[in-house]
Amino acid sequence: MTRIVRAALLQASWTGDQESMVRKHEEYARQAAEQGAQVFCFQELFCGPYFCQVQDPHWYGMAERVPDGPTTGRMQELAAETKMVLVVPLYEEEQPGLYYNTAAVIDADGSYLGKYRKTHLPHLPGFWEKFYFRPGNLGYPVFDTAVGKVGVYICYDRHFPEGARMLGLNGAEIVFIPSATSRGLSQHLWRIEQTSHAIANGYFVGTVNRVGVETEQGENDFYGQSYFCTPRGEFVTTLGGRDDLPAQGDPYAEELIVRDLDLGLIQEVRDTWQFLRDRRPDMYGKIAAA
């Protein structure tokens, strides 16, 4: 049975200050709503730069409470105004000195549904995330939203299939993976890992990566290429811009990506491939014990 959800992603460049970054996303959200979008995911740490290239306590000051901080409240108002489900990645302060890389999920009526905290944290040159964040401790929640069952995985998480599986077992129909991914070794994996999660678990994936070169904290060159893919692992039309071919246009251009997802395809794919039926969790003990 056909069940169309119109979904949106925004790959954006850093403006230089938090307030203008929030305003930018508010404006794009209104544009997405005008195009009929029903759910919208922002990029990782959406209202700031990706500051983890360096280890500097200065950036602790960007953290705020979720949901009791100002940005979550502002996004609740935006969700109610646009009648869209919003996935809003933020730098969360649970208490002074205790921080998480978090995504708040807000329903289309503006109600706060909950949050996911990034589980897997890199800690290597250019990605000093354990300096800034504690590993997530909320498990793999799936949120019952106005558009269906939504899960969240964040950036480096995508290298770990176990959490992607847990989201599937918990009933996710769409998994959003907001990211801040720069050019390097993982660029080759960008189109492979996340489509593989969609295939193995029979859900849609929407993954968003920022664009542009950020120099305030070192230098990171973000390559965009945001996309939606189906439970078959097929791209929904085209990827977002920032290809390796500058002749095709501005390689750092922002892009609002709006696509129609037929969630009815989930049942068809799962009935065909039966990966969930044929799992053997009784044989996987070492995965948890290792």
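The values are calculated or read from the model by the stated rules, or taken from the named source; none is laboratory data. Computed from a prediction, not measured in an experiment: that's the story for all the values here. We place every Cβ from the backbone using ideal geometry, glycine too, and count neighbours over all the protein chains shown.
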Run Asp56 past the list (1) more than 29 Å from Gln31 (Cβ to Cβ); (2) free of Cβ contacts under 8 Å to residues at least 60 places away in the same chain and report the number of the one that doesn't hold.
(2)
Every residue from region 22-62 that is under 20 Å from Gly126 (Cα atoms), surrounded by 21 or more Cβ atoms within 10 Å (Cβ to Cβ) and of a type in the set (A, V, I, L, M)
Leu45
Condition test on Gly163, is it crowded, with 18+ Cβ neighbours inside 10 Å, at pLDDT 95 or above and either at positive phi or assigned to a loop (DSSP other than H, G, I, E, B) (or both)?
no
So Arg74 passes all but one of these: (1) farther than 26 Å from Phe160 by Cβ; (2) touching a Phe, Trp or Tyr at 6+ places or on another chain (Cβ under 9 Å); (3) touching a residue at least 40 places away in the same chain (Cβ under 8 Å). Which condition number does it fail?
(2)
Within region 256-290, which residues are modelled with pLDDT of 95 or more, part of a loop (DSSP other than H, G, I, E, B) and aliphatic (A, V, I, L, M)?
Leu263
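Each row is one residue, and each column tells you yes or no for (1) touching a residue at least 40 places away in the same chain (Cβ under 8 Å); (2) in a strand (DSSP E or B).
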site: Tyr60; (1), (2): yes, no
site: Pro67; (1), (2): yes, no
site: Leu78; (1), (2): yes, no
site: Tyr100; (1), (2): no, yes
site: Gly110; (1), (2): no, no
site: Leu113; (1), (2): no, yes
site: Tyr116; (1), (2): no, yes
site: Thr119; (1), (2): yes, no
site: Tyr140; (1), (2): no, no
Condition first: among the hydrophobic types (A, V, I, L, M, F, W, C) and either at pLDDT 75 or above or not in a loop (DSSP other than H, G, I, E, B) (or both). Now tell me which residues in region 217-255 satisfy that.
Phe222, Phe228, Cys229, Phe235, Val236, Leu239, Ala247, Ala253
Residue check, Ala104 surrounded by 17 or more Cβ atoms within 10 Å (Cβ to Cβ) and either under 24 Å from His159 (Cβ atoms) or of a type in the set (Phe, Trp, Tyr) (or both)
yes
Could you go through region 115-138 and let me know if any residue there is out of contact with any Asp or Glu (no Cβ under 7 Å at 6 or more places or on another chain), surrounded by 18 or more Cβ atoms within 10 Å (Cβ to Cβ) and over 15 Å from Tyr156 (Cα atoms).
yes
Quick one: in region 189-199, which of the residues that are touching a residue at least 12 places away in the same chain (Cβ under 8 Å) and surrounded by fewer than 18 Cβ atoms within 10 Å (Cβ to Cβ) is nearest to Leu276 (Cα to Cα)?
Ser196
I'd like the residue in region 190-216 that is of a type outside the set (Val, Ile, Thr) and within 19 Å of Pro125 (Cα to Cα) and, out of all such residues, is modelled with the lowest pLDDT.
Glu216
Search region 177-188 for residues that are closer than 19 Å to Val152 by Cβ and pair each with any residue that is modelled with pLDDT under 85 when their beta-carbon atoms are under 8 Å apart and the residues are at least 6 apart or on different chains.
Ala180/Asn220
If the Cβ limit is 8 Å and pairs must be 6+ apart or interchain, which residue in region 15-43 that is more than 13 Å from Arg259 (Cα to Cα) pairs with which residue that is of a type in the set (Phe, Trp, Tyr) and not in a helix (DSSP H, G or I)?
Met21/Trp14; Met21/Phe46; His25/Phe42; His25/Phe46; Ala29/Phe40
Testing Val39 on (1) out of contact with any strand residue (DSSP E or B) (no Cβ under 6 Å at 6 or more places or on another chain); (2) β-branched (Val, Ile, Thr); (3) farther than 25 Å from Glu162 by Cα; (4) modelled with pLDDT of 95 or more, one condition comes back false. Which one is that?
(1)
Of Ala8, Ala63, the only residue that is small (Gly, Ala, Ser), modelled with pLDDT of 95 or more and touching a Cys at 6+ places or on another chain (Cβ under 8 Å) is Ala8
Quick check on my filter: what residues within region 166-188 are among the small types (Gly, Ala, Ser), crowded, with 17+ Cβ neighbours inside 10 Å and outside any helix (DSSP H, G or I)?
Ala172, Ser179, Ala180, Ser182
